[in-house]
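These notes are about the structure you will find just below.
Readers should treat all values here as calculations from the given coordinates under stated rules, not as data from a laboratory. Values in this document were obtained by computation on a predicted structure and should not be read as measured data. Neighbour counts run over all protein chains shown; Cβ positions are idealised from the backbone, glycine included.
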Amino acid sequence: MKRGLGPFLSSMDEGLKKIREQFLEDLRAVTRAEDATALKDKYLGRKSGLIGAEKKRVGSIAAESRAEFGRLINDLSREVEEELARLNEKFAAGQETERLERERLDITMPGTRQRLGHLHPITLLRQKIEDIFVSMGYSVEDGPEIETSFYNFDALNIPVGHPARESADTFYISENLALRSQTSNVQIHAMQRRKPPLRVIAPGRVFRRDTPDPTHNPMFFQLEGLTVDRNITLGDLKGTLEEFVHLLFGPNIRTRFRASYFPFVEPGAEVDYLCFVCEGAGCRVCKQSGWIELGGSGMVHPNVLETVGIDPEEYSGFAFGLGIDRMCARMYDLDDIRLLYENDVRFLEQFA
Ligand SMILES: [Zn+2]
């Protein structure tokens, strides 16, 4: 509530009345917070404030009116302070409104789509293959990618002087260390760690000094398989891989074995499976042959079993190595295997 300052002042003191009128006029002209601050200095400033200056006039006021004069000055000071405080509040509220307006969220605006990643096609296929072998009683093993000559060659019945040990084929790190040229090293580690019966698979990267082309890359993915038990025969090997392709591609997909040579198996065989697209009729994917190569396989060589202290008279086993990348390239009809390693998002996002 306003005090009845005006009428009283007009009868009491012309000077204070003029200051008040000037203040009210100045107040109406204020448009910014800075103006309000300037106004405070003008009227209430300690050194040059107009109201302060009035106080100095008290000596010229009649003694009986001094108390009343002092009260009027105090009232005027309070009124100026209150008006300015109100003004400041108004500006502060305005700034808050402005801030809120500025920061307002339009929830109807289209959002930014978050890109969700997914697994690499090789990883997807590898997991699928792992699941199949795990369902057949295999455990998944891991092994070192940097390997000694013992695990990479010697224990696999690949003697010194064998062409597979040539530095033209193998990435040597030192005389005795190399990037593994096959996942077969895991066979040796597994047989050293555990006694038969053994059923393990070992997916992983292998490295060979191949010149990159549409069907070769110096790094690729293999899946090693090993079974060692009493009375394991070639029939078990054939049955296992046949079951595997049935589970991966369907019941019509058969396998065929072609005699071949790998130092760590005897006998050895290349394994093909019936083309999953044409089922043998011949098409672009199988290059009209009706068959697709699965990998190498064979019965574990007695020398390999002996090296890890397993008696080949008591135990026998089979092993196989599948090329995951090549299988992946056929399944997705890729004409260049290198697409799988280049990590070009435009290529990879097709497999979401
Ligand atoms: Zn075909």
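Within the chain, the longest segment free of exposed loop sites, counting GluC sites (Glu not before Pro) that fall outside DSSP classes H, G, I, E and B and have at most 13 other Cβ atoms within 10 Å, spans 176-312.
For the pair region 259-286 and region 159-184, the centres of their Cα atoms are 26 angstrom apart. Normalising by the residue count of the chain, find the relative contact order in percent from Cα pairs under 8 Å and 6+ residues apart. Normalised by residue count, the contact order of the chain is 14 percent. Residue-wise HN-Hα couplings along region 64-77, as the Karplus relation 6.51 cos²θ - 1.76 cosθ + 1.60 with θ = phi - 60° gives them from phi, are 6, 9, 4, 4, 5, 4, x, 5, 5, 5, 4, 4, 5, 4 Hz; Gly and Pro carry x.
Applying 1/(1 + (r/R0)^6) with r as the Cβ-Cβ distance of Arg78 and Glu98 and R0 = 45 angstrom yields a FRET efficiency of 0.90. Selection among Gln22, His216, Ala319 by position relative to the dipole of the chain gives Gln22 as farthest towards the positive end (Cβ unit charges, Cα centre). The sum of -39500 (n - 2.57) across all DSSP H runs of n ≥ 4, divided by the residue count of the chain, sets its helix-only mean residue ellipticity at 222 nm to -12500 deg cm²/dmol.
Taking 0.36 nm per residue of separation and subtracting the Cα-Cα distance, full extension of the segment from Gln22 to Asp131 would add 30.2 nm. Say a site is exposed when it is one of the trypsin sites (Lys or Arg not before Pro), sits in a DSSP loop, and has at most 16 other Cβ atoms within 10 Å; what is then the longest site-free stretch of the chain? No qualifying site falls inside 116-193, the longest such stretch. DSSP bridge analysis restricted to the chain gives an antiparallel fraction near 95%, rounded to the nearest 5.
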